[in-house]
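Values quoted throughout were computed directly from the atomic coordinates according to the rules given, and no laboratory measurement underlies them. Here the structure is a predicted model, which means the values were calculated and not measured. FYI the Cβ positions are ideal-geometry reconstructions off the backbone, even for glycines, and counts take in every protein chain you see.
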There are 2 protein chains.
Amino acid sequence: MGDTVNRQILLVEKPTGKLGPEHFRMVNGTMPETKDGEVVVRTRYISLDAANRAWMHGATYRAAVEANTVMAGGGIAEVISSRAPGFAPGDIVFGDTGWQDYAAVAGKHLTRMPKLKPMTHLLSVYGIAGLTAYFGLLQIGKPKEGETVVVSAAAGSVGSIVGQIARIKGCHVVGIAGGKDKCHWLTSELGFDAAVDYKDGATFKALRAAAPKGIDVYFDNVGGDILEACLSQMNNRGRIACCGAISQYDGVPSAHGPRGVPGLIVVKRLIMQGFIVMDFMDQSAAALADLQSWVASGKLKVQEDVIDGLENTPRALIGLLAGENRGKRMVRV
Amino acid sequence: MGDTVNRQILLVEKPTGKLGPEHFRMVNGTMPETKDGEVVVRTRYISLDAANRAWMHGATYRAAVEANTVMAGGGIAEVISSRAPGFAPGDIVFGDTGWQDYAAVAGKHLTRMPKLKPMTHLLSVYGIAGLTAYFGLLQIGKPKEGETVVVSAAAGSVGSIVGQIARIKGCHVVGIAGGKDKCHWLTSELGFDAAVDYKDGATFKALRAAAPKGIDVYFDNVGGDILEACLSQMNNRGRIACCGAISQYDGVPSAHGPRGVPGLIVVKRLIMQGFIVMDFMDQSAAALADLQSWVASGKLKVQEDVIDGLENTPRALIGLLAGENRGKRMVRV
């Protein structure tokens, strides 16, 4: 409060290959004014997501981010002033604040959030990550007790919750992650039945050993070779929940899709279904009630990876794309 | 009747590339005996299907066909003698008779067929082809009135029925087929709204012109490049019914799947679902009633391509894989 400078991080150039710090620049902007229908907010926590990188490729479920504009990104923010109905100073909201201290956002694009503690949970287990895991697994994957569920990017914000919910539902759960440490964490701390280190090579064999009865539900965060390996080990009538394709986001997307499409889809009667968490928001109250009860009972562990300082947001995203985070990564502004 | 020789066509070698006449040989076998639980049948019509070729690659929803055995294939046959309950001489049945004059088949693997005329309709519109089109389009594709439905191999046995049912349901229907003649036939005779000739090059552009509002349902018989072109033109929440992958059957399957998997599946919230008609057989009575009423009213035209002589079965299949048939191809034995 009382600031007169609004620090902003611009995307100065759209990357054609790997994303690097040279694609961003921090500038001192001016404080936004509160126009009719808008709310001015102070950003508290910025969410880092692989989707940030996908937005640079072009329009997806949202417009593409453009060069020389403030980098887009969701965040938890506090209302400073409001000329939109339903918002008052001190309210906590979620919205696309962008990577900046202050933002003016249309009231209709903001969601009021409960004032729970820690506030970071609003971005992790009770935010997009938790709801994505919840709806994607339960409504798209539809796991039944005793089935085998495999999730990729399993140590990430969504994957770590997917695996734990699958365990709560009585499934045999296999996580795919990069590196021994992450894999050990999945099985020793989060209760996964097995973990496959894709950096170890031999993913196909390791997956077969970890999922000896085949795969009934694959929650796909990565696409590419890992999707291909899972496709070939799916059981008849298996479900693949397509949540993202991290492997394709940073750098030049691969020229081809996974082998087995559509051959294995036909023969095994598979369902591959893409989803966006926003499509389920009318059911979020029930989902949040489930998530809160699991967290309260200790069945669902929340892992967060909080980095301090707006100026560190670019490297936080670059590191996320390289897979250095465990659980939900965010920046405290 | 009264025959003592059972002509049989053997698959003498599994093809590693394109299927040719050299992979088959006709031999004179002996008449089968009627063992307990079995029925001996006289083959009347042999069904030719792209799936025949897929079976040579390995186990699918059925065991692989093996070298030096009678080539597998479904057919309509007449019961000669029976030691299985429910079957009597003169009955008309459908089953995997193989490519031969006479076969001994377990009663439980035969389906009694109604004695309707022409008998060939039991293999086309009232057989696997018609039911595949019916269930695949309506239960997997789930088209709504006014939506755009695209079907590949549209002049084939399944595709020609898919397109006509989609028209009956009030959809804008686009067929993809090889050659000007087939395309003209689809629009002038079968009532398709538009047709795209994939042999003409520029499939992507032609498809865009034929389906200007994008694709809501794609009934995929071919996989490969055409699936890739359709994927990129799907509308949000579109459905892709995966019925087969003819483009991948004959020769060496392509090393990769279509681009856009899983990226476009996520962003557009698509559903890709494979199916096998057998999974819907408990609902076949209702389907047959619909199909019969459409045929009776002239809304659904039945196109058959009947070739005479068991000895011509290999070239009938080879020609089918090259796309020379219109509608359901079969051999009169």
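With both labels modelled 7 Å from their Cα along Cα-to-Cβ, the B:Q139 to B:D200 distance reads 3.6 nm. Within straight-line reach of A:K14, meaning a Cα separation under 27 Å, sit the following lysines at least 8 residues removed in sequence or on another chain: A:K328, B:K268. When Rg and Dmax are taken over the Cα atoms of the protein assembly as shown, they come to 29.0, 104 Å.
Using C-alpha pairs under 8 Å with a sequence gap of at least 6, the mean separation divided by the residue count of chain B gives a relative contact order of 18 percent.
As a proxy for reagent exposure, ranking B:T148, B:T97, B:T120, B:T30 by other Cβ atoms within 10 Å from fewest up yields B:T30, B:T120, B:T148, B:T97. Counting from the shortest, the label point at A:A289, 7 Å from Cα toward Cβ, is 4.1 nm from the same position in each remaining copy. Put simply, segment A:128-278 fits an ellipsoid with semi-axes of 19, 17, 16 Å; these come from the alpha carbon gyration tensor as the roots of five times its eigenvalues, largest first. Mean per-residue shielding of peptide A:267-280 is 6, counting Cβ atoms of other chains within 10 Å of each Cβ.
Among the trypsin sites (Lys or Arg not before Pro) within segment A:173-238, those in coil by DSSP and having at most 16 neighbouring Cβ atoms inside 10 Å are A:K213. With a cut-off of 11 Å between beta carbons, the residues surrounding B:H23 carry a summed charge of +2, where Lys and Arg count +1 and Asp and Glu -1. Counting Cβ atoms of other protein chains within 10 Å of each residue's Cβ and taking the mean over peptide B:237-244 gives 3. In segment A:2-122, inverting the average of 1/r over every pair of distinct C-alpha atoms gives 15.0 Å as the Kirkwood radius.
Between identical copies, the spacing of A:H57 label points, each set 7 Å from Cα toward the C-beta atom, reads 2.5 nm from nearest to farthest.
Counting Cβ atoms of other protein chains within 10 Å of each Cβ in B:312-319 and taking the mean gives 0. Across the options B:A166, A:A229, A:L321, the greatest Cα extent toward the positive end of the charge dipole of the protein assembly as shown (unit charges at beta carbon of Lys, Arg, Asp, Glu) belongs to B:A166. Do the alpha carbons of any pairs in B:K115/B:K199; A:K117/A:K169; B:K169/B:K205; A:K142/B:K205; B:K18/B:K182; B:K18/B:K199 sit beyond 29 Å of each other, and which pairs? Exceeds cut-off: B:K115/B:K199; A:K142/B:K205. Count Lys and Arg as plus one, Asp and Glu as minus one, and take only other residues whose Cβ is under 11 Å from that of B:R259; the net charge is then -2. Counting only aspartates and glutamates at least 8 places from B:K299 when in the same chain, those with an alpha carbon closer than 16 Å to its own are B:E189, B:D193, B:D290.
Our summary of shape: the Cα atoms of chain A have principal axis extents of 61, 44, 35 Å, ordered from largest down, in whole angstrom.
Summing +1 for each Lys or Arg and -1 for each Asp or Glu among the other residues whose beta-carbon sits under 14 angstrom from that of A:F94 gives +2.
Mean residue ellipticity, 222 nm, helices only, the protein assembly as shown: the sum of -39500 (n - 2.57) across DSSP H runs of n ≥ 4, divided by residue count and rounded to 500, is -6500 deg cm²/dmol. Annotation for segment A:21-98 versus segment A:277-333: alpha-carbon center distance of 17 Å.
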